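Presented below is the structure to which this report refers.
The values are calculated or read from the model by the stated rules, or taken from the named source; none is laboratory data. Computed from a prediction, not measured in an experiment: that's the story for all the values here. Note that each Cβ is placed from the backbone with ideal geometry, even for glycine, and that neighbours are counted across all protein chains shown.
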Amino acid sequence: MAPEPKSQSNTHPVIEFRDAEFRIADRPILKSLSLTVSCGETLVLLGRSGSGKTTALKLVNRLLEPSAGEVCVDDRATFEWDPIRLRRRIGYVIQEAGLFPHFTVERNIALVPELEQWPRNRITDRVRELLGVVGLDPAQFAQRYPHQLSGGQRQRVGVARALAADPPILLMDEPFGALDVLTRAEIQREFLEIQQRLRKTILFVTHDMREALLIGTRIALLEAGALTGVYSPADFLRATEPTAAAYVSAFRGDMTPRTLAKRGEE
Amino acid sequence: MNQMRPWIMLAFVPAIFVLFGCVNRRNTIVVGSKNFPEQAILGEILAQQIETQTGLRVERRFYLSGTYICHQALLAGRIDMYVEYTGTALTAILKKPPFSDSRAVFDEVREGYVQRFGLVVEPPLGFNDSFAIVVRADDARRYGIHTISDAAKYTPLWRPGFGYEFQERPDGYDGLVKDYGLKFAAAPRIMDLGLLYRALLARQVDVVAGNTTDGQLVIGAFTVLTDDKHYFPPYQAVPVVRSEVLQQHPEIANALIDLSGKISDKDMQQMNYEVIGQHKDTASVAREFLRAQYLNTAFALTGAVPSKTNQGRARGVGR
Amino acid sequence: MRLVHFFLAHGDEILQASAEHLWLVVIAMLLAIGIGVPLGIAVTRKPWLSKPILGSANIAETIPSLALFGFLLPVPWLGARADRLAIAALAMYALLPIIRNTVAGIQGVDASVRDAARAMGMTGKQVLLRVELPLSLPVLLAGIRVATVWTVGIATIAAAIGAGGLGEFIFRGLAMVDNRVILEGAIPAAILALAADVGFGLLERRLRHPQ
């Protein structure tokens, strides 16, 4: 395993995987994962389907519990945390958004603040603020229902909902994967801006290398449940480790002068 | 809040039904009956008696399926009274073993009903509707038999015919045979009650178990053998009434007591015959009986026959 | 025309019997919902309960209604009063559709919605009350609707054991060989069943399209 480069911000780890494993029956999904995520950084978990990245994510907010080893959040192992309190401190964004179809946009975003029993007007203000942050006009969208929104709008609401109670940590599982290319690019840019302002600690799962390079401060590569390396974006492009190299060549592969020339000959 | 309104409307509908039902019940008396003609006749007599003597409105709910149904209807207050038979009340409702002293049976039934159900059992109407062992009248004359014990000598020559119920009931066939030591020429033919008398006349059977109030007994072709060993428990007809109704309308008690002892076995046979055999209307048959009763009483009291204007008007609301 | 006059003349009786009938149906349905929904929720929480619970409800369903009334007769307290007995039996019949639809409704909730709810730190109870039950309401209501219409029909048989209701007219009419009396029971019963079906249908539609 390649040595882990020191993270940029030099602050202590918010999330730490210590030899974490996950098995279903006897099948290993995640093998002895050791990884840290520092405060304010965006760590991308990159890998193909079945590489265990979603599983790793779910170990953090205790939707799953490790079969061996431990996962620590804020220096405390997940099984020592009260799961409800743990999850309220962590925003969770998934590909399908998972918005409650029977709640308006406003009520969806207000979910965690309501659970935390914030006063009514603080909640209303916060919802308004967040809709602004994700680029949706409150007057238009607050009272709509999820089925009245486009895919991109739903994801924006999903992000707003995750940020509602101002959690220090965000877990994101291929959040933009279901969007069309243009919308995806748009949202990725906006997301970067939001992150630069808010400086959340983010664990971001994707199988799209372009997204990884754009969004991540570091990239952790997973293959068949094992960590093959952690890289800065620049290092990743130069990596010689086979899995990383495969990714990079696949990316560059359809853009080399040779293939372009071949196309021209047809 | 707008979403609540349809819910509230929905709830109103059944509430209206219930209210309507309750309001109308207060001043109406409901008389029930079991599902055979004798019961309908008795129910009609009770109903008309109450109508003429008290002026209350009476509703009829006849042809309820059976003893259990009537009893449940009484308990639930769906009917206010019906005519039961003491033997049935003792065994089927109070679930006690039968015995033959009719006064004692009546007392026990009256006690039991008041204690367990809060129901009042009025004095017997006068007749006994029990099982009757019946033979052809000419056979009775020829052999000179009047009682079942008399017949025991001849039964080995006879084929018996019984209804299904007589066969099955504990106070039916088995006990009879044991008590009287009867032997028959063949196993009993089980047939529909309605066909028993016809089969008896046609000499397909020689002795049948009918009921003491059967209309067919009127025609004189049959003889009922006396139950000298008092094997059959008494089945005196008694009105059973809810006590709340008597408290609300004490005049009903008087109206019912007026009827006690007034209907003899022969009277009931006659009325059964008119309804079943002659297909007369139940309400008219009841009305005729009550009119005759009234006339008898008036005559007995005053020695004079009252004029038409003084006669009680039976309102005859019944079916 | 004669039939209409007959009905008008016996209007009080019919209303009375309809009230009795409704009473049986409403209490039985409330019991069935009060027992069935929690049982359905339990099955979704602990899948191994599915076999015993759904299995028992299924068995109750296969017993012919009249036989079930008969079986319950000797039971103390229940068997003493025919209407209690009838309500118990009717509730048992209504259990299966209600349990089944509760389970189907809850399991039909989108997994991503349920995951999101859990991930946001909702307790199990909150997920049930704020997410799963509200979202499964249309399916649950469909089950209640079916069960109610059945119950209105089966309640007519309850008259055979003395529980009253509109069925009593049917049985009496059969004994008296009087079709009008039979219809006196059959027509209002059919109307009640229809009204229940339509009523719940409207409610279902309302729920599927909020606002």
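Quickly run through segment A:52-86 and pick out the residues that are touching a residue at least 12 places away in the same chain (Cβ under 8 Å), surrounded by fewer than 16 Cβ atoms within 10 Å (Cβ to Cβ) and hydrophobic (A, V, I, L, M, F, W, C).
A:Ala68, A:Phe79, listed by residue number.
Quick test for you: out of C:Arg206, C:Arg130, pick the one residue that is among the charged types (D, E, K, R) and at the interface with chain B (Cβ under 10 Å from one of its Cβ atoms).
The conditions single out C:Arg206.
Condition check: of a type in the set (D, E, K, R), more than 30 Å from C:Asp12 (Cβ to Cβ) and in contact (Cβ under 8 Å) with a residue 24 or more places away in the chain. Does B:Asp107 satisfy that?
Working: of a type in the set (D, E, K, R): yes; more than 30 Å from C:Asp12 (Cβ to Cβ): yes; in contact (Cβ under 8 Å) with a residue 24 or more places away in the chain: no.
So B:Asp107 fails the test.
So which residues in segment A:10-31 are modelled with pLDDT under 90 and either closer than 19 Å to A:Cys72 by Cα or touching a helix residue (DSSP H, G or I) at 6+ places or on another chain (Cβ under 8 Å) (or both)?
A:Asn10, A:Thr11, A:His12, A:Pro13, listed by residue number.
In segment C:181-193, is there at least one residue being more than 14 Å from chain A (Cβ to nearest Cβ), at pLDDT 95 or above and either in contact with a Pro (Cβ under 9 Å, 6 or more places away or on another chain) or closer than 30 Å to A:Pro167 by Cα (or both)?
no
What's the number of the only condition in (1) away from chain C (no Cβ under 11 Å); (2) in contact (Cβ under 8 Å) with a residue 24 or more places away in the chain; (3) in contact with an Asp or Glu (Cβ under 8 Å, 6 or more places away or on another chain); (4) among the hydrophobic types (A, V, I, L, M, F, W, C) that B:Met81 fails to meet?
(3)
Okay, residues lined up against (1) hydrophobic (A, V, I, L, M, F, W, C); (2) surrounded by fewer than 20 Cβ atoms within 10 Å (Cβ to Cβ):
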| site | (1), (2) |
| --- | --- |
| C:Ala117 | yes, no |
| C:Gly153 | no, yes |
| C:Ala160 | yes, no |
| C:Gly173 | no, yes |
| C:Asn179 | no, yes |
| C:Ile191 | yes, yes |
| C:Ala196 | yes, no |
| C:Gly201 | no, yes |
| C:Glu204 | no, yes |
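Looking at A:Arg89 and the list (1) surrounded by fewer than 17 Cβ atoms within 10 Å (Cβ to Cβ); (2) within 11 Å of chain C (Cβ to nearest Cβ), which single condition is not satisfied?
(1)
Within the group C:Val152, C:Val113, which residue is within 14 Å of chain A (Cβ to nearest Cβ), in contact with a Leu (Cβ under 8 Å, 6 or more places away or on another chain) and of a type outside the set (Gly, Ala, Ser)?
Sole residue among the options that is within 14 Å of chain A (Cβ to nearest Cβ), in contact with a Leu (Cβ under 8 Å, 6 or more places away or on another chain) and of a type outside the set (Gly, Ala, Ser): C:Val113.
Please go through segment B:138-151 and pick out each residue that is surrounded by 15 or more Cβ atoms within 10 Å (Cβ to Cβ) and either small (Gly, Ala, Ser) or modelled with pLDDT under 90 (or both). So that I can check it myself, show each step before the final result.
Here is the first cut: in segment B:138-151, the residues surrounded by 15 or more Cβ atoms within 10 Å (Cβ to Cβ) are B:139-140, B:145, B:148-151.
Listed by number, the residues that qualify are B:Ala140, B:Ser149, B:Ala151.
Looking at segment A:26-81 only, could you name the residues that are of a type outside the set (A, V, I, L, M), assigned to a strand (DSSP E or B) and closer than 23 Å to A:Ala234 by Cα?
We begin by selecting, within segment A:26-81, every residue of a type outside the set (A, V, I, L, M); these are A:26-28, A:31-32, A:34, A:36, A:38-42, A:47-55, A:58, A:61-62, A:65-67, A:69-70, A:72, A:74-76, A:78-81.
Within this subset, residues satisfying the condition of being assigned to a strand (DSSP E or B) are A:27-28, A:31-32, A:34, A:36, A:38, A:42, A:69-70, A:72, A:76.
The answer is A:Ser34, A:Thr36, A:Ser38, A:Thr42.
Select from segment C:69-93 the residues that are in a helix (DSSP H, G or I), closer than 18 Å to C:Gly165 by Cα and not basic (Lys, Arg) and list them in ascending order. Spell out the reasoning first.
Pass one, segment C:69-93, residues in a helix (DSSP H, G or I): C:69-72, C:82-93.
Cutting the leftovers down to closer than 18 Å to C:Gly165 by Cα gives us C:69-70, C:82-91, C:93.
Residues satisfying the conditions are C:Phe69, C:Gly70, C:Ala82, C:Asp83, C:Leu85, C:Ala86, C:Ile87, C:Ala88, C:Ala89, C:Leu90, C:Ala91, C:Tyr93.
In the set B:Gly112, B:Gly181, B:Gly175, B:Gly87, which member is of a type in the set (Gly, Ala, Ser) and loosely packed, with under 14 Cβ neighbours inside 10 Å?
Details: B:Gly112 fails: loosely packed, with under 14 Cβ neighbours inside 10 Å; B:Gly175 fails: loosely packed, with under 14 Cβ neighbours inside 10 Å; B:Gly87 fails: loosely packed, with under 14 Cβ neighbours inside 10 Å.
Residue meeting the stated conditions: B:Gly181.
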